[in-house]
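Here the structure is laid out as structure tokens; the discussion comes afterwards.
The values are calculated or read from the model by the stated rules, or taken from the named source; none is laboratory data. A quick note: this is a predicted structure, and the numbers were derived from the prediction, not measured. Cβ placement follows ideal geometry from the backbone for every residue including glycine, while neighbour counts extend to all protein chains displayed. The protein model used for the area step is the full one, side chains on, heavy atoms only, and it has no ligands, DNA or RNA in it. Shrake-Rupley method; radii C 1.70, N 1.55, O 1.52, S 1.80 Å.
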Amino acid sequence: MAALTFELQATATGDSKARAGRISTDHGEIMTPIFMPVGTVGSVKAVTQQQLKLDVQAQIILGNTYHLYLRPGTEVLQGAGGLHRFNSWDRPILTDSGGYQVFSLAANRKIKEEGVMFQSHIDGSRHLFSPESVMDIQRSIGADIIMAFDECPPYPSEYDYAKKSMGLTHRWLDRCFQRLADTPDKYGYTQHLFPIVQGSTYKDLRRASCEYIASKEAAGNAIGGLSVGEPEEMMYEFTALCAADLPSHKPRYLMGVGTPWNILECIDLGIDMFDCVMPTRNGRNGMLFTTQGVINIRNKKWASDFSAIDPGLPAEISQYYTKAYLRHLFISEELLGLQLASIQNLAFYLWLVGEARKHILDNSFVSWKREMLDIVKQRL
RNA sequence: GGGCAGAUGGCCGAGUGGUUAAAGGCGACAGACUGUAAAUCUGUUCUCUCACGAGUACGUAGGUUCGAACCCUACUCUGCCCA
């Protein structure tokens, strides 16, 4: 079937590097810039697939190799005919490789040249993740876009460690490409590997990594190892550096970012794809992102606020339910609260990137972004 | 009418002579969360003070003691049992 293609539709003028584009996959199109809801274990927590389509307007969602490998396991996923059929999501899917778990499960793993020995967070059992096994697992999951197996070094990292880690990520990348070339697509559509730039917070390493990654001429390129605790300005600095060094005719994916203002800034720097747990996790913890600003819905001030959750957002639930009711749901630990907050936040994120796209297309991105930043950062 | 048990901070509940403004839980009030080990985690929660610190507080009133939430007496209230 068709290859993954990227059509660059517009680029902002002046200092802005923002662009609008269209990614075509065998499961449909993705209009960029885009935010991708995270559905680690094959489920965007607390949100149904119907809600993702109708309320959130999600175009592509994520899954995670490490988590899906542990549960339900590749046998079940293959039996289902891949993750799309398993979770009934017929639009594009991207799977992260487990590289982030090398970082977040640091206490339970050991990194070697061959790969990473993981101890399952579920039952403590030991598993080896190698570039080859991770490609095989992602073949079984069947995502449209699959990520290279990388090491995401912590911040801060010593130069020597960052350099060695980057080298390892690059060698693993070669093995990922090789394995992918050696194995067929399983479900009749094409899977595309995105390599990941590393190099921690060292400019020469980041440049070298970008050069190496770009030389692979992959369908799209990702920037990893950022938003792991470094100052926000530093994250922007390295995003700018990497975005400038990665090819402009391929989508650029900034992994794990971020807040609404992070996303606006990074769109400005030339990023096309984002993912982050923030809208869902923070939503479940009572933090709402709205077109008016940020709300902690558990705060007493909302107890008798009968205005809509977010009057400025087109999503139905944002209009239909009130802040006071949503607060009540949170205080009462009603599950519906988790669902409404998650949908609100995701719908807001998708609205935000959609608006950004509109303003890039009609060449008004820069002034719109400036106004939007102030609103979106505001604490209500 | 008699017997027994009990009364602790918004609530539940530990404490039975000094290191107790009083454990713990709940509730309440804030904060954190960035390729998800997260419907999670952290902090505050008698009054006054930015703080140091001071003042009040373990049913009520009195007493013993250098010192009492803790011991004694009376009273009030609550629960259970017997009439």
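If the condition is being surrounded by fewer than 24 Cβ atoms within 10 Å (Cβ to Cβ) and not in a helix (DSSP H, G or I), then the range A:257-273 contributes A:V257, A:G258, A:T259, A:L269, A:G270.
Of the residues making up the range A:286-311, those that are surrounded by fewer than 21 Cβ atoms within 10 Å (Cβ to Cβ) and touching a Phe, Trp or Tyr at 6+ places or on another chain (Cβ under 9 Å) are A:G286, A:T291, A:N296, A:R298, A:F306, A:A308.
All conditions but one from (1) in contact (Cβ under 8 Å) with a residue 24 or more places away in the chain; (2) more than 6 Å from RNA strand B (Cβ to nearest atom); (3) among the polar types (S, T, N, Q) apply to A:N282; the one that does not is (2). Counting the residues of the range A:108-150 that are assigned to a loop (DSSP other than H, G, I, E, B) and β-branched (V, I, T) gives 1. Candidates are the residues of the range A:37-57 that are within 9 Å of RNA strand B (Cβ to nearest atom) and either outside any loop (DSSP other than H, G, I, E, B) or in contact with a Pro (Cβ under 6 Å, 6 or more places away or on another chain) (or both); the one that is farthest from A:R252 (Cα to Cα) is A:V44. Here is the figure for the range A:68-86: residues that are within 16 Å of RNA strand B (Cβ to nearest atom), closer than 11 Å to A:I141 by Cβ and either surrounded by 19 or more Cβ atoms within 10 Å (Cβ to Cβ) or basic (K, R) (or both) total 3. If you check A:T13, A:T40 for being more than 18 Å from the chain's Cα centre (by Cα), of a type outside the set (D, E) and open to solvent by 10 Å² or more (accessible area, probe 1.4 Å), only one passes: A:T13.
Can you find a residue that is within 25 Å of A:G21 (Cα to Cα) and either in contact (Cβ under 8 Å) with a residue 24 or more places away in the chain or assigned to a helix (DSSP H, G or I) (or both) anywhere in the range A:293-313? The answer is yes; a qualifying residue exists. Restricting attention to the range A:281-304, which residues are closer than 20 Å to A:A356 by Cβ and hydroxyl-bearing (S, T, Y)? Listed by number, the residues that qualify are A:T290, A:T291. Between A:D144, A:D123, the distinction of being in contact (Cβ under 8 Å) with a residue 40 or more places away in the chain and either within 21 Å of the chain's Cα centre (by Cα) or within 11 Å of RNA strand B (Cβ to nearest atom) (or both) belongs to A:D144 only. Restricting attention to the range A:314-334, which residues are assigned to a helix (DSSP H, G or I), of a type in the set (S, T, Y) and either free of Cβ contacts under 8 Å to residues at least 12 places away in the same chain or open to solvent by 40 Å² or more (accessible area, probe 1.4 Å) (or both)? If the condition is that a residue be assigned to a helix (DSSP H, G or I), of a type in the set (S, T, Y) and either free of Cβ contacts under 8 Å to residues at least 12 places away in the same chain or open to solvent by 40 Å² or more (accessible area, probe 1.4 Å) (or both), then A:Y320, A:Y325 are the ones that fit. The set of residues in the range A:198-217 that are in contact (Cβ under 8 Å) with a residue 40 or more places away in the chain, of a type in the set (A, V, I, L, M, F, W, C) and open to solvent by less than 20 Å² (accessible area, probe 1.4 Å) comprises A:L205, A:I213.
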